[in-house]
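See below for the structure under consideration.
Rule-based calculations on the coordinates, nothing more; no lab input. This structure is a prediction, so every number in the text was calculated from the model and none was measured. For neighbour counting, all protein chains shown are included, and Cβ atoms are generated from backbone atoms with ideal geometry for every residue, glycine included.
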Amino acid sequence: MMQPSITRSSRSSEEADNIFKISNPKKEEEEINPNPENLHFPSSPNEKQNPNKNKPPLGRPSSWPNHCFKKDNQKTLQNIVLKMQLESIAVDEKQKLKPSTPSKKKTLILDFTNTDVTCLLSDEILLQILSKLPVYQYKPNSLVCKRWMFLSGRLVRSVKLLDWDFLESGRLVSRLPNLTDVDLTKACLVSTNNAGILLTHRLISIHLDSDFSGDSFIRRENLLSSKVIDLGLGNLARGCPNLRRLVLIGATELGLLSVAEECPTLQELELHHCTDQSLRGISACYNIQIVKLIGSVHGFYNCGITDIGLTILAHGCKRLVKLELSGCEGSYDGIRAIGQCCQMLEELTLCNHRMDDGWIAALSFCGNLKTLRLQSCKKIDPIPGPIEHLGSCPTLERLHLQQCQFRDKESANALFLVCVAVKEIVFQDCWGLDSEMFSFASNCRRVKSISLERCSMLTTEGLESVVLSWVNLQSLRVVSCNHVKDSEVTPALSSLFSVLKEFTWRPDSRSLLTSSLEGTGVGKKGGRFFRRV
């Protein structure tokens, strides 16, 4: 392939220089001007020659193709082609002999003003970037585009649903597939959002119309049907199998069974308006650890849970760690079943309970119980039974009573005997807790911390007689107990205050008001706002 090129390059330069010369056999002495504008060829053989040859032609000037492709100019065409080949070979040889120089790098400047640069990132990388942002920015990020909305939905873990249609249509599980905490309470209630009355309870809130009944704020027509709720639970369980916490109202056994089958990692369940029959579905949740049952809420709904439901729950959910019973019925048998079957139970909360007499003696079966909370209980246990049959909770450490009523001495004495091993006691807004009721707390010899808040019937003498008997006391908090006076503090009590690690003393709210208004002139005779009584 290279031999023809070498042969052509060895020709003499004289032959190459004659390419612009045209040889005419009749007139060899004449030279043809290589400029095409000065060349003229007759259009036909019969055309007469112009006698004045020096003048330019009047017609169209001839071109190089017309000149080169004549019969007598074939040699000229070959010379032109040869010259072009020789020049091409010379250029190639010069480029080979020329030393290579590094090319200068040019900075690439891209204009992304009208381009989405996040399109260059994969979904996994963009998802990791969005996960580093605070939770409150998930919603604004989802408004950027459909892709960001999809990725931001995969980051959401908790939601409180307000519209049941969003779950029933499947949009909830498609938009938020990785949910672990779902609250369906407001979505299960059918209420008029345009109503001007909003009733809020500690457990639930609802919009009310002007024609609501005085006996019950929530009527049957204000709740979704059980069939609709069960279908929605099935869609939720299949779409979000990683659920860990679920809150809902009015579910039946069928709906809860679908959740138990599809969500094996469910750990916490809060069920409103539940019955004994619905607890059969909860018993299938073998890995559940926290259960909150709201059977009855005064003014909202009335639905009872008896010993039958508590026994079903105890036999099915043996890994319970925390149990809260609000507005539930029951007795000694139900609490005993929970204590015997749920041996991992550490925290028990009873709110506004409707237990029969004698239930408190069953607490001794809770061998691993560490915290006992009583909230809004109108009674403790009027007839606890013989003291010798009460027993005690050996591992109990904390006893919290909030808004409870002490109506009889027997229930107060039985409570402190069962909780004899307690180390922390909290009384808050407890009606009827006078000095005599509080004296039964001296049976608890291991108390290290005591908190008394808004216990208006307790006196300074009653407080002193008990706290001085606690040799391990390290923390004392007394707030807004109006019958505890600074002037009645004895030297023995004041010496105890000096050795405490934590001490809060604001017993008399009136004295605090007087000290804060001192020097202002308010509250004295002639004051503008208060009148001495």
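Got a sec? How would Met344, Met437, Met149 order by Cβ neighbour count within 10 Å, fewest to most?
Ascending number of Cβ neighbours within 10 Å: Met344, Met149, Met437.
If we count every other residue with Cβ under 12 angstrom of Val447's Cβ, Lys/Arg +1 and Asp/Glu -1, where does the sum land?
Charge balance in the 12 Å sphere: +3.
Determine the shape class of the range 279-374: with a ≥ b ≥ c the square roots of the Cα gyration tensor eigenvalues, call it rounded for a/c under 1.5, and otherwise prolate if a/b is greater than b/c, oblate otherwise.
Numbers: a/c = 1.55, a/b = 1.19, b/c = 1.30.
It comes out oblate by the Cα gyration axes.
For Trp470, what charge total do you get from the other residues with a beta carbon under 13 Å from its beta carbon, if Lys and Arg give +1 and Asp and Glu give -1?
+2
Among rounded, prolate and oblate, which fits the range 365-408 when a ≥ b ≥ c are the square roots of the eigenvalues of its C-alpha gyration tensor, a/c under 1.5 means rounded, and a/b larger than b/c means prolate?
oblate
Among His353, His400, rank each residue by its count of other Cβ atoms within 10 Å, from fewest to most, as a rough exposure measure.
Ranking His353, His400 by Cβ neighbours within 10 Å, fewest first, gives His400, His353.
Could you compute the net charge surrounding Leu133? Neighbours are other residues with a C-beta less than 15 Å from the C-beta of Leu133; K and R count +1, D and E count -1.
Once positives and negatives cancel, what remains is +4.
In what order do Val447, Val499, Val489 fall by count of nearby beta-carbon atoms within 10 Å, going from fewest to most?
Going from least to most buried by this count: Val499, Val489, Val447.
With labels modelled as points extended 7 Å from the Cα through the Cβ direction, what inter-label distance (nm, one decimal) is found for Leu500 paired with Glu87?
11.0
Would you please classify the overall shape of the range 400-495 from the alpha carbon gyration tensor, given that a ≥ b ≥ c denote the square roots of the eigenvalues, rounded means a/c under 1.5, and beyond that prolate means a/b larger than b/c while oblate covers the rest? Please report the intermediate quantities before stating the final value.
Working: a/c = 1.62, a/b = 1.15, b/c = 1.41.
Verdict is oblate for the range 400-495.
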